[in-house]
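Each remark here refers to the structure printed beneath this line.
The values are calculated or read from the model by the stated rules, or taken from the named source; none is laboratory data. The model shown is predicted, which means the values in this text are computed figures rather than measured ones. Glycine gets a Cβ as well: all are built from the backbone with ideal geometry, and neighbour counts include every protein chain shown.
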Amino acid sequence: MAVLISLACSAALAAPESYGAKGIYPVYESGGQWLIFDKNPGSRQSAWLSIPQRYLVIGSNGSGIFWIARDSASYGGACRQSQPLSLRTALLKGPRSLVGHPIIGIHVPLGFSLKGSRAVFRALNNAASDPVYQGLYPALDAKTVEEIKQGLVSVDFSTAVFDQSSTYSGPKPQIQTVIDFAAKIPVNGLMKSSVLVTESTVANKTWRCLREADGSSLAGGCAMMPRKLMAETDLLQFVSYDPAGDGHPFLFAYTKQTPLWGNERWGFILGPDGPRVFLMDAMDIRCREGF
């Protein structure tokens, strides 16, 4: 599991890397087949999408070892100037019933085995509620103000309504924040850890974040979840996968039922300093521009 553990512990993934970096690809189901689209043709990663390469595929029910059965040209993975691209596509074979709905494939050595694995898989149900929001509201409010001051988001204050009773120095813009998703998940270094998907609105600006919480406090900042294809959070489902079972989990979000505008795949690393996004991708079936 060394390849997975090294990725989960890497502090360098503060922003999404190039498609296929470190041998990590979204896996989509199309036409009854499980596919990886090569969106970087000609790159050195392309060798990872040929026979007899192996992948650890993580899905809605668990994980399994898959292999590339063949590759061919296919449409549906990406567009350029609103026209579908013909991409090299790798067809995966393996224990589908163990994995459920496919989410992500991680390239592993040919001799890789799950025998003796201590990995922990969790399908996460949404536990967002008024008590959760009330407990986290002070921390979310303060963090949002901090992120605006740091320039994380650009707000047009000419249209903002200000809270003159603010205890902050100077007037504070009125902030509306909702928690669309919440789930508890063990993270090494946090006592009462959970993950949140929040939506904040200030003046003319709305943005969505994946966040980590430790009880009533926040751990780190916002891992942005932009809506390039406009998928609402309630269309996303979430699972976690801890490769060594020691509190260094991945978090994955995915669309299980294809929206009109295309499927999505998200990947995050969770840690005591907050979440980091390492994958965001879409299979744009209507040939609008994706991520």
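Candidates W48, W34: the one that is surrounded by 18 or more Cβ atoms within 10 Å (Cβ to Cβ), more than 14 Å from H107 (Cα to Cα) and aromatic (F, W, Y) is W34. Checking the structure you have, find out if any residue of the stretch 114-123 is assigned to a strand (DSSP E or B), surrounded by fewer than 17 Cβ atoms within 10 Å (Cβ to Cβ) and small (G, A, S). Yes, the stretch 114-123 has at least one match.
Residues considered: S97, S46. Of these, the only one that is at pLDDT below 80 and outside any loop (DSSP other than H, G, I, E, B) is S46. Could you tell me whether L92 is in a loop (DSSP other than H, G, I, E, B), over 18 Å from the mean Cα position of the chain (by Cα) and more than 29 Å from C222 (Cβ to Cβ)? No; evaluated as a whole, the condition is false for this residue.
For the stretch 172-202, taking the residues that are of a type in the set (G, A, S) and touching a Pro at 6+ places or on another chain (Cβ under 7 Å), the one that is surrounded by the most Cβ atoms within 10 Å (Cβ to Cβ) is identified as S193. If we scan the stretch 67-86, do we find a residue that is touching a residue at least 60 places away in the same chain (Cβ under 8 Å), hydrophobic (A, V, I, L, M, F, W, C), crowded, with 17+ Cβ neighbours inside 10 Å and closer than 30 Å to V187 by Cβ? No - not one qualifying residue is present in the stretch 67-86. Within the stretch 144-160, can one find any residue that is among the acidic types (D, E), assigned by TED's automatic domain parsing to the domain that holds V178 and within 25 Å of L251 (Cβ to Cβ)? Yes; the residues of the stretch 144-160 include at least one that is among the acidic types (D, E), assigned by TED's automatic domain parsing to the domain that holds V178 and within 25 Å of L251 (Cβ to Cβ). Against the list (1) closer than 18 Å to L110 by Cα; (2) touching a strand residue (DSSP E or B) at 6+ places or on another chain (Cβ under 7 Å), the condition T89 fails is (1). Answer yes if at least one residue in the stretch 253-261 is under 18 Å from P26 (Cβ atoms), in contact with a Ser or Thr (Cβ under 7 Å, 6 or more places away or on another chain), modelled with pLDDT under 95 and not assigned by TED's automatic domain parsing to the domain that holds A78, and no otherwise. So far as the stretch 253-261 goes, yes, one or more of its residues are under 18 Å from P26 (Cβ atoms), in contact with a Ser or Thr (Cβ under 7 Å, 6 or more places away or on another chain), modelled with pLDDT under 95 and not assigned by TED's automatic domain parsing to the domain that holds A78.
Of the strands (runs of 3 or more DSSP E) lying entirely inside the stretch 203-242, those containing at least 1 residues that are charged (D, E, K, R), without any contact (Cβ under 8 Å) to a residue 40 or more places away in the chain and surrounded by fewer than 20 Cβ atoms within 10 Å (Cβ to Cβ) span 205-214. Consider the stretch 118-158 and keep the residues that are among the hydroxyl-bearing types (S, T, Y) and modelled with pLDDT under 85. The one that is nearest to K192 (Cα to Cα) is S154.
You will find that of G290, G245, G267, the residue that is at pLDDT 90 or above and either crowded, with 22+ Cβ neighbours inside 10 Å or within 14 Å of Y28 (Cβ to Cβ) (or both) is G267 and no other. Looking only at the stretch 8-25, decide whether some residue is surrounded by fewer than 18 Cβ atoms within 10 Å (Cβ to Cβ), part of a loop (DSSP other than H, G, I, E, B), modelled with pLDDT of 80 or more and in the same structural domain as L114 (by TED's automatic domain parsing). No: the stretch 8-25 contains no residue that is surrounded by fewer than 18 Cβ atoms within 10 Å (Cβ to Cβ), part of a loop (DSSP other than H, G, I, E, B), modelled with pLDDT of 80 or more and in the same structural domain as L114 (by TED's automatic domain parsing).
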